[in-house]
């Protein structure tokens with residue numbers, strides 16, 4: 001079946017530090033992969049996506065590469081800011097499974113000045 | 001483009017009462033999802049509609065939860081009777097369809113059952 005395993009949190013970093021949040025997946029078909037971000041009291045917002053192997057998604061300084069050989073989609077940012085503090089969710093959507101979205105458990109990031 | 005609209009934003013009810021949530025997806029989006037997000041966990045799919053038909057409701061507790069999407073547009077999710085463990089954020093999302101498009105989420109309804 002389809003599932004997403006995400007690095008446990010919470011993660012606390014100093015401003016300008018390097019961020020990595022690990023995500024691995026299991027899929028029966030050829031999924032699209034996503035990172036969503038959730039700020040306090042708000043819904044999920046798409047951060048970036050990749051639709052096929054070796055694609056790199058990027059947005060707001062964040063990036064993630066779809067690695068089929070390692071079934072991974074790790075999120076990285078070279079220099080985090082206080083405003084990046086949020087919960088980050090890795091997700092996949094499999095067209096062979098009715099386009100249902102499967103989410104990881106989320107990783108809470110706090111960036112301190 | 002207007003986003004996914006949900007109401008109410010917050011609801012507090014006593015156990016065994018009933019409650020309903022409303023969702024209006026982005027115009028033209030064929031797929032509509034309802035997710036339950038318990039504090040500290042990732043969203044869990046409750047039901048997925050394609051137009052006004054149900055694609056997947058395997059994780060919907062059908063003894064107490066029901067959902068409908070009349071005319072393939074807006075949708076309501078109902079809980080009757082509510083239990084304490086139903087306390088969660090209920091997220092509605094919509095997608096244009098196809099295999100490679102993201103889902104767009106509403107702000108959610110935070111339900112507290114006391």
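Readers should treat all values here as calculations from the given coordinates under stated rules, not as data from a laboratory. Every value quoted in this text rests on a predicted model; they were computed, and no experiment measured them. Backbone-built Cβ (ideal geometry, glycine too); neighbour counts: all protein chains shown.
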Note: chain B, point scatterers on Cα, Debye, no solvent; log10 I/I(0) at q = 0.16, 0.19 Å⁻¹ equals -0.67, -0.94
For chain B, averaging the sequence separation of alpha carbon pairs under 8 Å that lie six or more residues apart and dividing by its residue count, the contact order in percent is 37
Checking B:28, B:42, B:97 against a Gaussian network model of chain B (alpha-carbon springs below 10 Å), the top fluctuating residue turns out to be B:42
For the pair residue B:83 and residue B:9, the simple spin-label estimate (label points 7 Å beyond Cα toward Cβ) gives in nm 3.0
With Cα springs under 10 Å, the Gaussian network model of chain A assigns the largest mean-square fluctuation among A:12, A:20, A:70 to A:70
Inverse of <1/r> over all distinct C-alpha pairs of region B:1-47, i.e. the Kirkwood Rh in Å, gives 12.9
Ranked by GNM mean-square fluctuation in chain A (Cα springs under 10 Å), the top entry among A:96, A:41, A:29 is A:41
Given a Förster distance of 30 Å, the FRET efficiency implied by the Cβ-Cβ spacing of residue A:28 and residue B:18, rounded to the nearest 0.05, works out to 0.20
Relative contact order of region A:1-95 (C-alpha contacts under 8 Å, at least 6 apart) in percent is 37
Under the rule rounded for a/c under 1.5, else prolate if a/b exceeds b/c, else oblate, using alpha carbon gyration tensor axes a ≥ b ≥ c, chain A is classed as prolate
